[in-house]
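Participant: Can you read through this structure? Questions will come right after.
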Amino acid sequence: MIDINKLAREIYNGEVEDMSTGKKQPAAQTGNVSNYHNASSRGEEGLSGEDAACQYLEQKGYKILRRNFRCYNGEIDIIAAKGPILSFIEVKTRSSTLYGLPREAVTYGKQKKIRRCAETYLAMTKRINNMPPLSFDVIEVIRNRGEIKSVTHLERCF
């Protein structure tokens, strides 16, 4: 079984393990290069926040189905399932709350993009006709000096 968190970290670092040989090779040769999280400190902060969110969700019994699902409507950070409920999760990571809580960055416009992206995902996975119960969540991650200080999961918040 593929460890999604490990694969995302490898792609971010520019190397992916070849399943057939077990050797590392540059991600560019596999077509798995992630251009969403760049090498800046903000990109690293976002990726570590998503890693922490995935770890939190797995501890709570969620199965991570997809990370960084992108379509023409936008992007969804995490798609996860727990029981019959399919969750579309936006992760917001901040180093402080000086300028507000991370959840405040999930504006109405961002919520509309996530909903449209969720519709695309449901159509692509042929779940649109047999729709499971849906949840649109936000996970706030607060980091300080590279350490995760808190993870807050706001379920069914939009």
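Participant: Output the residues belonging to the range 131-142 that are more than 16 Å from the chain's Cα centre (by Cα) and either crowded, with 18+ Cβ neighbours inside 10 Å or modelled with pLDDT of 95 or more (or both).
Facilitator: Of everything in the range 131-142, those that are more than 16 Å from the chain's Cα centre (by Cα) and either crowded, with 18+ Cβ neighbours inside 10 Å or modelled with pLDDT of 95 or more (or both) turn out to be Pro133, Leu134.
Participant: Looking at Val91, Val151, Val106, Val138, which is the one that is in contact with a Cys (Cβ under 6 Å, 6 or more places away or on another chain) and under 21 Å from Leu57 (Cα atoms)?
Facilitator: Val138
Participant: While we're on this one: Residues in the range 98-114: is at least one over 20 Å from Glu155 (Cβ atoms) and either surrounded by 13 or more Cβ atoms within 10 Å (Cβ to Cβ) or touching a residue at least 40 places away in the same chain (Cβ under 8 Å) (or both)?
Facilitator: Taking every residue of the range 98-114 in turn, none turns out to be over 20 Å from Glu155 (Cβ atoms) and either surrounded by 13 or more Cβ atoms within 10 Å (Cβ to Cβ) or touching a residue at least 40 places away in the same chain (Cβ under 8 Å) (or both).
Participant: Okay, next question. If only one of Thr120, Thr93 is touching a Lys or Arg at 6+ places or on another chain (Cβ under 9 Å) and of a type in the set (Ser, Thr, Tyr), which one is it?
Facilitator: Of the residues listed, the single one that is touching a Lys or Arg at 6+ places or on another chain (Cβ under 9 Å) and of a type in the set (Ser, Thr, Tyr) is Thr93.
Participant: What is the number of the single condition among (1) without any contact (Cβ under 8 Å) to a residue 12 or more places away in the chain; (2) closer than 13 Å to Ala53 by Cβ; (3) surrounded by 13 or more Cβ atoms within 10 Å (Cβ to Cβ) that Ser150 does not meet?
Facilitator: (3)
Participant: Please find, among Ser96, Ser150, Ser135, Ser87, the residue that is in a loop (DSSP other than H, G, I, E, B) and of a type outside the set (Val, Ile, Thr).
Facilitator: Result: Ser96 is the single residue among Ser96, Ser150, Ser135, Ser87 that is in a loop (DSSP other than H, G, I, E, B) and of a type outside the set (Val, Ile, Thr).
Participant: Tally time: how many residues in the range 115-143 are in contact with an Asp or Glu (Cβ under 9 Å, 6 or more places away or on another chain) and without any contact (Cβ under 8 Å) to a residue 60 or more places away in the chain?
Facilitator: Of the residues in the range 115-143, 6 are in contact with an Asp or Glu (Cβ under 9 Å, 6 or more places away or on another chain) and without any contact (Cβ under 8 Å) to a residue 60 or more places away in the chain.
Participant: Looking only at residues that are not in a helix (DSSP H, G or I) and not polar (S, T, N, Q) in the range 112-132, which one is farthest from Pro102 (Cα to Cα)?
Facilitator: By that ranking, first place goes to Lys126.
Participant: Taking the condition of being open to solvent by 50 Å² or more (accessible area, probe 1.4 Å) and basic (Lys, Arg), how many residues in the range 79-97 meet it?
Facilitator: Residues that pass the stated criteria total 2.
Participant: Filter the range 86-108 down to the residues that are farther than 11 Å from Glu140 by Cβ, modelled with pLDDT of 95 or more and not aliphatic (A, V, I, L, M) and list them by number.
Facilitator: Listed by number, the residues that qualify are Ser87, Phe88, Thr107, Tyr108.
The values are calculated or read from the model by the stated rules, or taken from the named source; none is laboratory data. Only a predicted model underlies this, so the values are computations on that prediction, with no experimental measurement involved. Cβ atoms come from the backbone with ideal geometry, glycine included; neighbour counts cover every protein chain shown. For the accessible areas, the whole protein counts, side chains as well, though only heavy atoms, and no ligand, DNA or RNA atoms are used. Shrake-Rupley method; radii C 1.70, N 1.55, O 1.52, S 1.80 Å.
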